[in-house]
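The values are calculated or read from the model by the stated rules, or taken from the named source; none is laboratory data. These numbers come from a predicted model, not from an experiment. Note: ideal-geometry Cβ built from the backbone for every residue, glycine included; neighbour counts use all protein chains shown. Heads up: the accessible areas ignore ligands, DNA and RNA and are worked out on the full protein's heavy atoms, side chains in. Shrake-Rupley method; radii C 1.70, N 1.55, O 1.52, S 1.80 Å.
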Amino acid sequence: MSVNNATQEVQPEPQHGPLAGFTVGVTAARRADELGTLLTRRGAAVMHAPALRIVPLADDSELLATTKQLIDNAPDVVIATTAIGFRGWVEAADGWGLGEALLARLGGVELLARGPKVKGAIRAAGLTEEWSPTSESMAEVLDRLLAEGVADRRIAIQLHGEPLPGFVEALRAGGAEVVGVPVYRWMPPEDIAPLDRLIDATVGRGVDALAFTSAPAAASLLSRAEERGQLPDFLEALNHDVLAACVGPVTALPLQALGIDTVQPDRFRLGPLVQLVCRELPGRARTLPVAGRSIEIRGHAVVVDGELRPVPPAGMSLLRALVRRPGWVVSRADLLRALPGSGRDEHAVETAMARLRTSLGAPNLIQTVVKRGYRLALDPSADTKYADA
């Protein structure tokens, strides 16, 4: 038996994160910092534009009125849906001087917890849940209640800012009285400018993905795009160039209702959402063999033989125009049209092209064809056709 001692060339590990060169828009109001940190740790540039703001619990007169009503008139069942919402409810009740009365009332009813996090919040408050679904699914909660029978029962559900399609309707159809506990409610952001900038960036393909963590935020962003007369262009961007990544199926509903394809992780958490974006965006990047090198086109950068090379916006516009016709000559007039706000002076193409070549660190990747234009120096062996890039 012979042993082959020949060594194979080992490709170096990339020195950049999987999202380096990509820009991700974050619409979250709550836990935006956590989501942004997860994305930036993996190399992404993050554009944060909260689509909503949360009404402070202590100022929420509707929550106060509902809490008093439940204390005075005990429900048969209380469903706790989120840990932060349940804790916030108890803390707000403490602030109103109703904390002990609320805990006493909750201790005497059938208390259901949607998942392990809210179970922990319930037990931290000195209470014990009667049951919690293994799937963390509201559908399983509904199945249990309907199997028990809900006719003439009073059921309180802690709302958490997301729609619960069919849940309340099914309980009421079964004869239950349903009381919604609005633990936090959404309102438009006080400063709308960041949201407008995110819409403009999406329409202009200045972001590569939008990350959604709540259905109200998705609906708010779509509503604002419509108010500005940009909804058709916004939908066009999401349907062809900008990834719509949602933390779960409920969050995706407002987008899917308008025909937008979305991606969602198997587990409805921020970590799996970021992991999904880490797979999806690099998978969409175009890789070409050019002048003996491998180049990968990302949102605002190019990976040249494994090295990340940031490229200015004008340069990326030119490069994308060349990549759409790999190996073919693209005229200066066509490249000028690809440059945003460049006017009619073809000298702008030459200036942007010089900067692009400097950014790439390999001037021979793009060839000048005298009196005709420029072409990507595609390797002859490449089997490549026109493509959208």
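Assorted remarks:
- Index of the failed condition, L57 passing every other in (1) among the hydrophobic types (A, V, I, L, M, F, W, C); (2) open to solvent by less than 50 Å² (accessible area, probe 1.4 Å); (3) at pLDDT 75 or above: (3)
- Considering residues of the range 107-164 that are basic (K, R) and not in a loop (DSSP other than H, G, I, E, B) only, the residue nearest to the chain's Cα centre (by Cα): K117
Condition check ((1) free of Cβ contacts under 8 Å to residues at least 24 places away in the same chain; (2) basic (K, R); (3) open to solvent by less than 50 Å² (accessible area, probe 1.4 Å)) across all residues:
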{"site": "V323", "(1), (2), (3)": "no, no, yes"}
{"site": "W328", "(1), (2), (3)": "no, no, no"}
{"site": "L336", "(1), (2), (3)": "yes, no, yes"}
{"site": "P363", "(1), (2), (3)": "yes, no, no"}
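A quick yes/no check of all residues on (1) in a strand (DSSP E or B); (2) small (G, A, S); (3) buried (at least 17 other Cβ atoms within 10 Å of the Cβ):
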{"site": "E190", "(1), (2), (3)": "no, no, no"}
{"site": "P194", "(1), (2), (3)": "no, no, no"}
{"site": "L198", "(1), (2), (3)": "no, no, yes"}
{"site": "A218", "(1), (2), (3)": "no, yes, yes"}
{"site": "L222", "(1), (2), (3)": "no, no, yes"}
{"site": "A225", "(1), (2), (3)": "no, yes, yes"}
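- Of the residues making up the range 302-311, those that are assigned to a loop (DSSP other than H, G, I, E, B) and modelled with pLDDT of 90 or more are D305, V311.
- Residue in the range 112-129 that is more than 18 Å from L57 (Cβ to Cβ), without any contact (Cβ under 8 Å) to a residue 40 or more places away in the chain and of a type in the set (V, I, T) present: yes
- If you go through the range 201-215 and pick out every residue that is open to solvent by less than 40 Å² (accessible area, probe 1.4 Å) and either over 17 Å from Q264 (Cβ atoms) or of a type in the set (K, R) (or both), you end up with 5.
- Residue check, V242 β-branched (V, I, T) and within 14 Å of the chain's Cα centre (by Cα): yes
- Taking the numbered list (1) in a helix (DSSP H, G or I); (2) crowded, with 21+ Cβ neighbours inside 10 Å in turn, L102 passes all entries but (2).
- Within the range 240-280, being over 20 Å from E34 (Cβ atoms), in a helix (DSSP H, G or I), open to solvent by less than 70 Å² (accessible area, probe 1.4 Å) and free of Cβ contacts under 8 Å to residues at least 40 places away in the same chain holds for P249, P254.
- Residue count for the range 282-301, restricted to those that are of a type in the set (S, T, N, Q) and in a loop (DSSP other than H, G, I, E, B): 0.
Yes or no, residue by residue, for (1) under 21 Å from D334 (Cα atoms); (2) under 27 Å from the mean Cα position of the chain (by Cα):
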position: T287; (1), (2): no, yes
position: S294; (1), (2): no, no
position: I297; (1), (2): yes, yes
position: V303; (1), (2): no, yes
position: V311; (1), (2): yes, yes
position: M316; (1), (2): yes, yes
position: L322; (1), (2): yes, no
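- Among (1) more than 26 Å from E169 (Cα to Cα); (2) modelled with pLDDT of 95 or more; (3) open to solvent by less than 60 Å² (accessible area, probe 1.4 Å); (4) under 36 Å from the mean Cα position of the chain (by Cα) - the single one A92 does not satisfy: (2)
Residues checked against (1) of a type in the set (G, A, S); (2) under 20 Å from S294 (Cα atoms); (3) not in a helix (DSSP H, G or I):
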position: G327; (1), (2), (3): yes, yes, yes
position: L336; (1), (2), (3): no, no, no
position: P340; (1), (2), (3): no, no, yes
position: A348; (1), (2), (3): yes, no, no
position: T351; (1), (2), (3): no, no, no
position: A354; (1), (2), (3): yes, no, no
position: R357; (1), (2), (3): no, yes, no
position: N364; (1), (2), (3): no, yes, no
position: K371; (1), (2), (3): no, no, yes
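- Output for the range 167-194, where each listed residue is in contact (Cβ under 8 Å) with a residue 40 or more places away in the chain and within 20 Å of M138 (Cα to Cα): V179, G180, V181, P182, V183, Y184, R185
- Out of P189, P194, one residue alone is under 29 Å from A80 (Cα atoms) and out of contact with any Ser or Thr (no Cβ under 6 Å at 6 or more places or on another chain). It is P189.
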